[in-house]
Amino acid sequence: MREGVAGGARAQARRVRQEEEVREVAELLGVDESCAMLLLRSAAWNKEALLSNYMDDADKVGIREHCTCGGSEPNETKEEHTEGAHATGEKSSCQVV
């Protein structure tokens, strides 16, 4: 029975860590938490690799493929959009597509 309790505690700790990472990624990338969660899942929950890839080449992390941001123009380039709300740290209304 002890293993079940310990396993439950580990699972709870993992969920708390993942929720913290989701909030951090959402804040850093200027996306909502559902989009941040999807991006983390696509990066196998490796936050450091996700952020490093984003800094190297934002297209590499797939934000434009996985998320749509409210207020962005339909033909707006990534550079034009990221120079707006994302660049100023302003939270945009990005959603998972």
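Every read-out reported here was derived from the displayed coordinates using simple, explicitly stated rules and does not represent laboratory data. Just so it is clear, the model here is predicted, and its values are computed rather than measured. We place every Cβ from the backbone using ideal geometry, glycine too, and count neighbours over all the protein chains shown.
Would you please give the FRET efficiency between Arg23 and Asp57, computed as 1/(1 + (r/R0)^6) with r the Cβ-Cβ distance and R0 = 22 Å, to the nearest 0.05?
Numbers: r = 24 Å, r/R0 = 1.09.
The formula returns an efficiency of 0.40 here.
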Summing +1 per Lys or Arg and -1 per Asp or Glu among the other residues with Cβ less than 12 Å from Val22's Cβ gives -2
